[in-house]
1. Arranged from highest to lowest average of other beta-carbon atoms within 10 Å per residue, in what order do the peptides 435-445, 457-467 appear?
2. Take ALA300 and GLN348, extend 7 Å from each Cα along the Cα→Cβ direction, and tell me the distance between the two endpoints in nm.
3. Given a 1.4 angstrom probe, I'd like the percentage of the accessible area of the chain that is carbon and sulfur, rounded to a whole number.
4. What figure, in Å² to the nearest 10, do you get for the accessible area of TYR422 with a 1.4 Å probe and non-protein molecules left out?
5. With labels modelled as points extended 7 Å from the Cα through the Cβ direction, what inter-label distance (nm, one decimal) is found for VAL293 paired with TYR483?
6. Using 1/(1 + (r/R0)^6) with R0 = 51 angstrom and r between the beta carbons of LEU309 and LEU4, what's the FRET efficiency to the nearest 0.05?
7. Run the numbers for LEU218 and ARG451: contour at 0.36 nm per residue of separation, minus the present Cα-Cα distance, in nm.
8. Run the 1.4 Å probe and let me know the accessible area of LEU304, rounded to the nearest 10 Å².
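The values are calculated or read from the model by the stated rules, or taken from the named source; none is laboratory data. All values derive from a computational prediction rather than experimental measurement. Glycine also receives a Cβ, built like all others from the backbone with ideal geometry; neighbour counts cover every protein chain displayed. SASA here: full protein model, heavy atoms, side chains in, ligands and nucleic acids out. Shrake-Rupley method; radii C 1.70, N 1.55, O 1.52, S 1.80 Å.
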Amino acid sequence: MRELTFALGIGAAVLLVAVFAVRASVRLGLPSLLLYLGLGLVIGEAGLGIEFSNAELTQSLGLAALVLILAEGGLTTRWREVKSALLPGIALSTVAVVITIVVTGAGLHWILGFDWRLALLWGAVLASTDAAAVFSVLRRLSVSRRLVGSLELESGINDAPSYIAVVVLASADDVDWLLSLTAAYELSAGAAIGLVLGWIGSHGLRRAALPATGLYPLATVAVCVLAFAAGQSVHASGLLATYLAALVLGNARLPHRSDTLSFAEGLGWLAQIGLFVLLGLFASPSRLLDAIVPGLVAGAVITLIARPLSVVISMLPFRMPWREQVFLSWAGLRGAVPIVLAMIPLSQNVPGAQRLVDAVFVLVIVLTLVQGTTLGALARVLGLDGGARTKEVEVDVATLDELDAELLQLTIPEGSKLHGVYLSELRLPAGATVSLVARGGQGFTPVSTTRLQEGDQVLIVATQQAKPATEQRIRAVDRAGRYARWRGETGEG
């Protein structure tokens, strides 16, 4: 009983510190995952002295956390915002992964003298971009939806082929031409399972009359986890099944959708915090010093050679401008996923696996510091920044079931061209109306002559039919001001 009490107390304390660390990371401009990793190191063997070295348990818990992170990413991804990036996203998550593995493996074979199988294993571990890092960093930037959509789809899908490659290269089996057929089956079967279960789940939840609102978020996440289990049970890609099931569910007209997305977001944060703290706890600072050189070499190869080359080749059919390709190359964020993947060969006692884990840990810290903190500046230098505002208009949704309507909540950020616009100039579509404005801690019912200001929180009631046009109009005025329609601004850019 004492051990349980101690574990719960430590867990709660770590969670509270990690939650407040999010605010600190935003102020400092640092990705929060670095603080979580640091927190794990502090309570580990070099800090408070808690020793944890179970590679198999770390791998299992890491995959479980990754499933929840992918579920949250799929549920919160808007299909209409990423559908234009579908083909580039698929190319980045398949073709680019193969190129990254080969180029990184070749570079490490020639520079560090690894044998080909070990070098390719390093390439496979490092080939996957991290969904948690991408979702948390990119959604704060004001670059085009095609770029953000491409990177979101890539990070949600490319874990699957990377995982397959790591499992194959970490085993003792020979690699032959059947590997491509096996990979094709696992990906296609995983995609089919995810889409089917997502469709069944969305229809079932719409027709279910559950006795409590809180059961709908639980059931939605359960469908996503079931997709993973179903995929893995038939030797298909459970990770891909999870993401696609969540993507279908997140874009369906689910009951209490706002509650579901809020629950998924909280669960995603919990998974991220737990995963990064666990990985920091597993790491040994004494071993990390010896891994600095191979980690930096691998980071340089993948960042300066493999990633740019894979982007250029995979984007050839889409004639993407060079500035966008430069941004895609630099935005290949690595996070917990490579560390989790590196646990697979370690749990199987592959020679050199411990060195791989330590090097990947060093690489993730360095690349997160370098890439995660410079993406916004790079977007501005390349002319890809969407405007002077600090962040996109935030729109939250709460379903009003009996009216078949939804409550849209938006906060007018600093620099938005919504500032100074009269309510009558919004020209919202039929079926939508502004019901409340909160300003300076006070709420009031607006009239047509009410002028919006920075920092206002605005509540809009819109029918299901009017909701898409309402959001489009709000984003258009946010970008182009009161004359948005006359200028041809759609709000979709």
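1. Those peptides, ordered most packed to least, come out 457-467, 435-445.
2. If labels sit at ALA300 and GLN348, their model points lie 3.0 nm apart.
3. Exposed carbon and sulfur together represent 64 percent of the surface.
4. 80 Å²
5. Roughly 6.4 nm, to one decimal.
6. Here the calculated transfer efficiency is 0.50.
7. On the way: separation 233, 0.36 × 233 = 83.88 nm, distance 4.08 nm.
So the extension gain works out to 79.8 nm.
8. Number for this one is 120 Å².
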